[in-house]
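What follows is a short report on a single structure.
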Amino acid sequence: MDQILYEVSDGIAAITLNRPEAANAQTMALLDELDAAWTRAAEDDEVRVIVLRANGKHFSAGHDLKDRWPEPKDLTLEWINDTEARRYLGYSLRWRNVPKPSIAAVQGKCIAAGLMLCWPCDLIVAAENAEFSDPVVRMGIGGVEYHGHTWELGARKAKEILFTGRALTAAEAEQVGMVNRVVPLGELDVATRELAERIARMPAFGLRQAKRAVNQTLDVQGFHAALQSAFDIHQTGHGNALSVDGYPVLTRLAEMKEHIKQA
């Protein structure tokens with residue numbers, strides 16, 4: 001693994017995003033490595049809790065806009081749909097359904113696709129400087145591929161951050177229930193580790209049952225079906241961008257890049 005670090009100690013698997021020089025922007029290679037790390041942790045009987053964290057100032061600036069895609073003449077909506085269904089929505093749903101408890105530790109910026117890394121985790125511990133945003137409406141797209149916004153924030157707050165592109169502070173995220181705890185930046189790793197150790201002392205089978213009960217309750221309420229439906233809506237955004245700009249993701253891309261740079 002070149003872009004992910006993986007370590008297990010005392011029953012806790014720490015998966016670390018390791019592209020601090022790029023604000024942990026996600027290449028497809030990083031996502032493939034990340035999925036492999038989740039699978040490794042899920043299959044290791046010694047691992048009782050999974051922690052997802054990131055090196056550097058920021059948790060993740062979202063998709064790496066410099067990552068290589070096919071040339072415009074070769075890029076089709078079918079290719080985009082297949083890629084996003086597998087690497088974006090597919091990976092996130094798989095991580096969400098790993099039967100072991102998981103905790104995301106978030107600092108700095110968590111932009112767009114960054115949400116697709118922390119939202120599938122069962123718990124989120126945020127540093128006081130953490131900010132969560134999904135500004136891709138600027139690109140003519142209605143939100144990231146794993147459309148958990150309404151479930152995580154409630155309908156009106158979800159609409160607000162999507163319509164405006166503004167960032168949600170750690171305190172706001174805790175207030176609406178998206179974040180479990182907010183701690184000083186210097187205490188993020190320690191606080192997350194202490195929480196993981198406390199959970200790891202619980203019976204593994206009981207933890208598995210508790211997680212399954214909560215996730216299945218959300219699924220009965222329509223979570224899984226809603227995400228699949230929203231993913232289909234997301235794909236129409238690519239089609240619209242293609243008709244407007246001749247490239248499926250480039251509606252107002254310059255403005256989007258400037259927003260990320262300023263963030």
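The values are calculated or read from the model by the stated rules, or taken from the named source; none is laboratory data. Nothing here was measured: the structure is a model prediction, and the numbers come from that model. Cβ: placed from backbone, ideal geometry, glycine included. Neighbour counts: every protein chain shown. Calculation scope for accessible area: heavy atoms of the full protein, side chains included, ligands and nucleic acids excluded. Shrake-Rupley method; radii C 1.70, N 1.55, O 1.52, S 1.80 Å.
Some values worked out for this structure:
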{"item": "Residues of the stretch 132-166 satisfying the condition of being open to solvent by 60 Å² or more (accessible area, probe 1.4 Å) and closer than 22 Å to Leu218 by Cα", "result": "Thr150, Trp151, Arg156, Lys159"}
{"item": "Number of positions in the stretch 109-130 that are without any contact (Cβ under 8 Å) to a residue 40 or more places away in the chain and buried (at least 23 other Cβ atoms within 10 Å of the Cβ)", "result": "2"}
{"item": "Number of positions in the stretch 23-66 that are more than 17 Å from Val106 (Cβ to Cβ), open to solvent by 20 Å² or more (accessible area, probe 1.4 Å) and among the small types (Gly, Ala, Ser)", "result": "3"}
{"item": "Odd one out for Asn215 among (1) in contact with a helix residue (DSSP H, G or I) (Cβ under 8 Å, 6 or more places away or on another chain); (2) under 30 Å from Leu77 (Cβ atoms)", "result": "(2)"}
{"item": "All positions within the stretch 6-23 that are more than 17 Å from the chain's Cα centre (by Cα) and touching a residue at least 24 places away in the same chain (Cβ under 8 Å)", "result": "Tyr6, Val8, Asp10, Gly11, Ile12, Ala13, Glu21"}
{"item": "Residues that are out of contact with any helix residue (DSSP H, G or I) (no Cβ under 7 Å at 6 or more places or on another chain) and not in a helix (DSSP H, G or I), drawn from the stretch 149-174", "result": "Gly154, Arg166, Ala167, Thr169"}
{"item": "Some residue of the stretch 175-184 being surrounded by 14 or more Cβ atoms within 10 Å (Cβ to Cβ), touching a residue at least 60 places away in the same chain (Cβ under 8 Å), not aromatic (Phe, Trp, Tyr) and not in a loop (DSSP other than H, G, I, E, B)", "result": "no"}
{"item": "Residue in the stretch 208-251 that is surrounded by the fewest Cβ atoms within 10 Å (Cβ to Cβ), counting only those that are closer than 21 Å to Met139 by Cβ and of a type in the set (Asp, Glu)", "result": "Asp232"}
{"item": "Failed item in (1) surrounded by 13 or more Cβ atoms within 10 Å (Cβ to Cβ); (2) more than 29 Å from Asn81 (Cβ to Cβ), with Phe205 passing the rest", "result": "(1)"}
{"item": "From the options Val144, Val182, Val190, residue that is within 18 Å of Tyr88 (Cβ to Cβ) and aliphatic (A, V, I, L, M)", "result": "Val144"}
{"item": "Filter result (outside any strand (DSSP E or B), among the hydrophobic types (A, V, I, L, M, F, W, C) and either modelled with pLDDT under 95 or closer than 19 Å to Pro203 by Cβ (or both)) within the stretch 34-66", "result": "Ala41, Ala42, Val47, Leu65"}
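Residue-wise test of (1) on the phi < 0 side of the Ramachandran plot; (2) among the aromatic types (Phe, Trp, Tyr); (3) in contact with a strand residue (DSSP E or B) (Cβ under 9 Å, 6 or more places away or on another chain).
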{"site": "Val49", "(1), (2), (3)": "yes, no, yes"}
{"site": "Leu52", "(1), (2), (3)": "yes, no, yes"}
{"site": "Asn55", "(1), (2), (3)": "yes, no, yes"}
{"site": "His58", "(1), (2), (3)": "yes, no, yes"}
{"site": "Pro70", "(1), (2), (3)": "yes, no, no"}
{"site": "Thr76", "(1), (2), (3)": "yes, no, no"}
{"site": "Ile80", "(1), (2), (3)": "yes, no, no"}
{"site": "Thr83", "(1), (2), (3)": "yes, no, no"}
{"site": "Tyr91", "(1), (2), (3)": "yes, yes, no"}
